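The values are calculated or read from the model by the stated rules, or taken from the named source; none is laboratory data. Here the structure is a predicted model, which means the values were calculated and not measured. Reconstructed Cβ throughout: ideal geometry from the backbone, glycine too, with neighbour counts over all protein chains shown.
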Amino acid sequence: MEAKLRRKFIFVSMSSLMTVLILLVAGINIFHYSVQVRSQETMLDLIIENAGIPPVPPPQEPDRPFQGFKPLSPETGFTTRYFIVRSDQAGTIHAADMDFIASVSEDQAEEYVQKILKKGKSSGFYGDYCFRTYPDGDETVFVFLNSSNELQSIKLLAATSIVIVLIVSAAVFVLLCLTSKVAIRPFIKNVERQKQFITNAGHELKTPLTSIATSADVLALTQGENEWLLNIRKQTLRLTKLVGELVALSRLDEEDLIQEQADFSLSDAIWETVEPFLGLAQAAGKNFEQDIEDGLSYCGNQSDIQKMLSILLDNAIRYSDAGGSIRLNVRKLKRNIVIELYNSCEHIDTCNLDRLFERFYREEQSRSPNTGGTGIGLSIAKAIAEAHNGSITASSKDGKSLSVRVIL
């Protein structure tokens, strides 16, 4: 149990951390990307407005060295690299201004224009260049601005962010692995105290319950049966069952839940469990159908699996409506064993189906001993299913039937 809680604690902590880091890093990178793209688009606008002449920043006031974000600096005209191409609709170059670029030839410029025309874009990025097109009479003007530094900055920030996220995540993961035991220790102590209390109380109650049951038998032999003795016996049996279920549930919460794992015939074990319930269903006037695949085998605790199925069958017969139907289906689905149990009923609250497996939960709120069990049975069934790395769920399509599905 401690290992399971530690895994959950680490998983939840790492999930929360990763979510925050991913959102933070994504926000920073998106903001940086938008700033860089906006600066390149602003520069293209200035080049177009200046008719291809490098933009010159306005003089800066000496007493105000910082005036916020500005796309231009005194070195802008010397560091900006761009070229302008004029072409017709077919992509034939009529003129090319290559004065402010050294790494691109006219042939390469024509190739860029041809590919952009095929894509049908008027602006965007092509390779290391941010481009913009605009019509000028019968010609189309293409302005290409070298954005290699800005694109490199975007890529570098993204790569750095990923590395930082990985390093921080690894460091936090190691830290959580080292400290998770200490973090969950108070909870583990409380759970262990509860288990110990339940176990001790169960053993302490068994002796007086046995004494009460024996005294009731002696009184019945000496004074004859009466309604008081019958009620004592009934309540003693109910309390004995409750104590046994509490102790069983406490055992199932232990770390090594399956004490005796072995391969066994699941089909035979299920038929052995089902057989006593056939008579109970018939006596109650209910239709019980079974479809159990032959030759199924399983590795686990046979006693626990049979106990789980007994609990489910007992609930199905107990809570199905008068003259209702019960169907049990057991089959192999890929690598899993699927057990489905259906029973009709008068009414069931579809909003509280998940609560059916909570301890002491009973849909009938009066908790009368005459209308239901102890409310622990389905909790035990769930614990057994989870102990076998399985799951158990309940569903109802119409509010007048219940389907319980176990996957082992």
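Here is how the numbers come out for the structure above:
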quantity	calculated
Any hit, region 190-206, residues being at pLDDT 75 or above and either touching a Cys at 6+ places or on another chain (Cβ under 8 Å) or among the β-branched types (V, I, T) (or both)	no
In region 13-25, residue farthest from V172 (Cα to Cα) [restricted to those that are surrounded by 11 or more Cβ atoms within 10 Å (Cβ to Cβ) and of a type in the set (V, I, T)]	V25
Qualifying residue in region 106-118 (condition: surrounded by 13 or more Cβ atoms within 10 Å (Cβ to Cβ), polar (S, T, N, Q), over 30 Å from V12 (Cβ atoms) and in contact with a Gly (Cβ under 7 Å, 6 or more places away or on another chain))	yes
Residue that is nearest to Y298 (Cα to Cα), among those in region 374-408 that are basic (K, R) and touching a residue at least 40 places away in the same chain (Cβ under 8 Å)	R405
Condition check for K189: in contact with a helix residue (DSSP H, G or I) (Cβ under 9 Å, 6 or more places away or on another chain) and in a helix (DSSP H, G or I)	no
Matching strands (runs of 3 or more DSSP E) fully within region 88-152 where at least 3 residues are farther than 16 Å from G52 by Cα	123-126
In region 333-358, residue nearest to G390 (Cα to Cα) [restricted to those that are assigned to a strand (DSSP E or B) and touching a helix residue (DSSP H, G or I) at 6+ places or on another chain (Cβ under 9 Å)]	I337
